[in-house]
Structure formats: structure tokens, C-alpha cells
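Structure first, then comments.
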Amino acid sequence: MRNNQALDQLLNLALPRLEMLWKRANTVPEEQEALMWESLDQLSNAFEEIYAVMEELHLRTEELEVANLTLKKEARRYQDLFEFAPCGYVVTDLYTVIQEANEAAANLLNIPQKFYLVGKPLNVFVTKETCCTFQTNVNQLQTGKELRSWEIQLQPRQSTPFPVICTATAVRDSQEEVIGFRWLLQEI
């Protein structure tokens, strides 16, 4: 936006100079008059083109601002859906280190604030009895597979273990490489 304003200011300063040159054109010696008129005409055409480009730039900037606001609204809506979902949702990296977790996941794992979950491996909440199954499924997820409805035992902090149904899917980057996982955890 600042660049647009700076260009507008430069053009607004240049326009009076162009008008002054048009007025002075009558004082040019006759042998240079044709060259002067041609140069002024070309300069005027260039200014018109610049103004047209500036108008287009202003329109595109406004469109980008509207798109940016829409994107922010949608991101907020997604965050609200994620946060207030009745099931536990967790996003991890490839090593199952928690990047995001909603309030339901924090409650399942008996962690008072979801922010204490970020940075902890999800596998520390899996019981020893189901850890092998968990790791086998993580290995399958790393190949890009989606795994639906498999059971593991979670061991919440300072609480008794309980069974959950997991659904997990790979998170991919723009080159379609697996960079993490999304987990849905439903208490049975």
C-alpha cells in the first residue's frame, strides 16, 4: 500500500512539470519545435499509460485486501471448529511431537491447558501395551496412508488408561511430501 502511495505522489509531482513543459513548448526555437512536440506527446502518452497501470494496481490491491480479510475470517472459522470440536484433535510432526491440540484433546490427556501439550510427543500418552501398534501405524502414516478406526490405550497424566479410537491422516507440504499427521481421538 505504501508503494502505491509513493508512486501516486511521484506522479502527482510530475504532472505539473509536464504541464509546464507544454506551456514552454511555444518558446522553443522553430527548428527544434517538431522534436519538442513529439517528445511532449510521447511523454503525455507515457503518463496516461502509467495512470492506467496505477488504477489497475489500486484495484488489484483492494482485491488482495478483500481476499486477505476473507482468508483471515476462514482461518478463524477453522480455528474455532478445531478448538470447539467435541473430539480430541491433535496435529503432530513426523515424530508425533504435538504441534497443536484442541481443548477436547487436553481434557482426554488430563492436561489442564492445551499449551502444555505442544512440544510433547503423542506417544508418551500411549500405554506400553499398545505402543508397538501405535508405532507400526505411525510408520504406515509416514508413507501417506490414512488410517481409520484403530484402537489404542491412552495413558492420561495422573489418571487410569482408557481405550480410544484413532483416525489419522498425513499432512503434506506443497510438494506432497508427508510433514506431519492429524489425529482424531475418540474415547470409547
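Of all residues in segment 35-70, those satisfying the criterion of being touching a helix residue (DSSP H, G or I) at 6+ places or on another chain (Cβ under 9 Å) and of a type in the set (S, T, N, Q) are Ser39, Ser44, Thr61.
Scanning segment 169-188 for residues that are touching a Phe, Trp or Tyr at 6+ places or on another chain (Cβ under 9 Å) and within 18 Å of Pro86 (Cβ to Cβ) yields a total of 6.
Comparison of Val97, Val90 shows that the only residue that is under 27 Å from Asp173 (Cβ atoms) and in contact (Cβ under 8 Å) with a residue 40 or more places away in the chain is Val90.
Every number in this text was worked out from the coordinates using simple rules, so none of it is lab data. Keep in mind it's a predicted model, so treat the numbers as computed, not measured. Heads up, the Cβs are rebuilt from the backbone with ideal geometry, glycines too, and the neighbour counts pull from every protein chain shown.
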